[in-house]
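Participant: Sharing a structure, written as structure tokens. Questions coming.
The values are calculated or read from the model by the stated rules, or taken from the named source; none is laboratory data. For clarity, every value in this text was computed on a predicted model and none was experimentally measured. Reconstructed Cβ throughout: ideal geometry from the backbone, glycine too, with neighbour counts over all protein chains shown.
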Amino acid sequence: MVDTIVVGLGLAGIAMCEELRAQSEFFVVFNDGSQTASKTAGGLMNPVILKRFNLAWKANEHLPFAKEFYEHLQRYLGVDFFSDLTLLRKFATIEEQNRWFQAADKPKLAPYLWPGVHANKNVNVTAPLGFGEVLQACHVHTGVMLQHYERDLRVKGQLRESTFEYDALVLEKDHVVYQGLKAKRIIFTDGFGLKKNPLFNYLPLEGSKGEYLIIRCEDLQETSVIKSSLFLIPMGNDLYKVGANYNRWDKTNVPTLEAKALLEAQLRRMINCSYTIIDHVAGVRPTVQDRRPLVGQHPDHPQVGLLNGLGSHGITIGPWAAKQLYAAMTGTRYLPPEIDIERYRDRRKN
């Protein structure tokens with residue numbers, strides 16, 4: 001018997017597994033690699049919504065918690081995937097500059113916005129009005145983290161690389177059984193795969209497809225992350241991740257020519273040097289209309305949990321949300337109502 005079965009191994013899955021490990025629980029993970037959003041994500045931990053210059057939801061609470069989480073995980077895995085970064089917001093108009101100054105003067109935003117303008121010093125970047133700087137931003141190289149976390153679980157015999165068969169799950173009163181494996185509980189961290197989950201498919205998970213280009217640009221020589229209509233993220237060795245778009249209609253993980261053309265058009269407005277496209281990746285983010293995670297226990301089966309809907313800020317929110325779920329499932333704390341799936345109980349089909 002194991003303590004917990006976890007289904008899915010993206011950002012939510014790793015956050016949940018690490019909470020279980022911190023609680024000295026033995027867990028097994030089922031993952032088939034079908035969900036690619038975490039692997040292709042930009043990996044930015046950013047406390048500010050840069051389109052509107054607003055503080056991200058609970059950033060004061062989530063950001064320090066997430067930093068400590070990734071620093072600890074980095075030490076555990078023995079590989080570098082987490083770092084501080086310089087994040088610059090390109091100004092398109094004088095009005096944007098003025099709104100930046102106003103935002104930086106607000107007490108809640110002051111710790112995260114440098115109250116000035118950085119002049120552009122890179123001749124290969126087009127930014128005549130300069131940049132604002134976001135403070136306390138970080139970067140998680142999600143691909144490296146996921147690769148090494150999977151390897152760690154595989155070596156320990158805790159990873160089952162297969163598609164989860166929902167029909168094979170047996171729900172008993174105080175435990176679950178799956179393919180002969182008995183566990184106290186099962187927790188689904190299956191991302192957009194939730195749409196196929198008969199236990200939770202009543203929840204309003206929408207999904208937003210994001211696509212990134214990986215480019216090689218030897219002349220650019222930029223070390224800061226730059227945000228304009230897209231993010232330009234240095235990856236080292238003259239490689240940059242460029243993106244992402246938001247497509248709410250296409251729910252596949254297949255890169256498209258339309259998104260490639262859009263991203264290139266936006267990139268050409270940001271830089272004025274030549275580049276080569278090395279790769280083009282896509283994934284569907286698990287998003288919710290109210291922009292809050294989907295966390296909680298199944299209404300009829302409390303031994304079945306869910307950690308999903310983390311959206312574009314999943315890197316920052318995930319570790320905190322996983323701790324909330326474990327506490328709720330073990331009876332030590334109630335879930336915050338804004339993330340509890342109880343808010344959608346009336347959507348269940350009878």
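Participant: How do the strands (runs of 3 or more DSSP E) wholly within the stretch 2-90 filter down when requiring 1 or more residues that are farther than 29 Å from Ser224 by Cα: which remain?
Facilitator: Because the criterion is at least 1 residues that are farther than 29 Å from Ser224 by Cα, the strands (runs of 3 or more DSSP E) in the stretch 2-90 that meet it are 2-7, 27-30.
Participant: Got a sec? Which strands (runs of 3 or more DSSP E) wholly within the stretch 205-262 have at least 2 residues that are outside the structural domain of Ala37 (by TED's automatic domain parsing), in contact (Cβ under 8 Å) with a residue 12 or more places away in the chain and under 15 Å from Thr86 (Cβ atoms)?
Facilitator: On the way: elements: 208-216, 225-227, 231-236, 239-243.
The strands (runs of 3 or more DSSP E) meeting that bar are 225-227, 231-236.
Participant: If a residue must be closer than 13 Å to Val295 by Cα and of a type outside the set (A, V, I, L, M, F, W, C), how many such residues does the stretch 190-210 contain? Give the steps one after another, and end with the answer.
Facilitator: Here is the first cut: in the stretch 190-210, the ones closer than 13 Å to Val295 by Cα are 190-191, 194, 200, 203-205.
The next check asks that each one be of a type outside the set (A, V, I, L, M, F, W, C); those that pass are 190-191, 204.
So the answer is 3.
Participant: Determine which single condition Glu25 fails, assuming it passes every other condition in (1) touching an Asp or Glu at 6+ places or on another chain (Cβ under 6 Å); (2) touching a residue at least 40 places away in the same chain (Cβ under 8 Å); (3) charged (D, E, K, R).
Facilitator: Failed condition: (2).
Participant: While we're on this one: Across the stretch 252-271, what is the total count of residues that are surrounded by 13 or more Cβ atoms within 10 Å (Cβ to Cβ), at pLDDT 95 or above and touching a strand residue (DSSP E or B) at 6+ places or on another chain (Cβ under 9 Å)?
Facilitator: 11
Participant: Can you pull out every residue in the stretch 66-101 that is within 25 Å of Gln266 (Cβ to Cβ) and in contact with a His (Cβ under 8 Å, 6 or more places away or on another chain)?
Facilitator: Leu85, Leu88
Participant: Continuing with this model, one more query. Quick one: Asn124 ticks every box in (1) surrounded by fewer than 17 Cβ atoms within 10 Å (Cβ to Cβ); (2) out of contact with any Cys (no Cβ under 7 Å at 6 or more places or on another chain) except a single one, so which number is it?
Facilitator: Asn124 satisfies all of (1) surrounded by fewer than 17 Cβ atoms within 10 Å (Cβ to Cβ); (2) out of contact with any Cys (no Cβ under 7 Å at 6 or more places or on another chain) except (2).
Participant: Yes or no: the stretch 138-152 includes at least one residue that is aromatic (Phe, Trp, Tyr), closer than 18 Å to Phe53 by Cβ, modelled with pLDDT of 95 or more and touching a helix residue (DSSP H, G or I) at 6+ places or on another chain (Cβ under 7 Å). Give the steps one after another, and end with the answer.
Facilitator: Going through the stretch 138-152, the residues aromatic (Phe, Trp, Tyr) turn out to be 149.
Checking the rest, the ones that are also closer than 18 Å to Phe53 by Cβ come to none.
No, the conditions are met nowhere in the stretch 138-152.
Participant: Looking at Val295, Val288, Val284, can you tell me which residue is more than 22 Å from Lys51 (Cα to Cα), crowded, with 19+ Cβ neighbours inside 10 Å and in contact (Cβ under 8 Å) with a residue 24 or more places away in the chain? First the steps, then the outcome.
Facilitator: Numbers: Val288 fails: more than 22 Å from Lys51 (Cα to Cα); Val284 fails: more than 22 Å from Lys51 (Cα to Cα).
None of the others qualify; the one that does is Val295.
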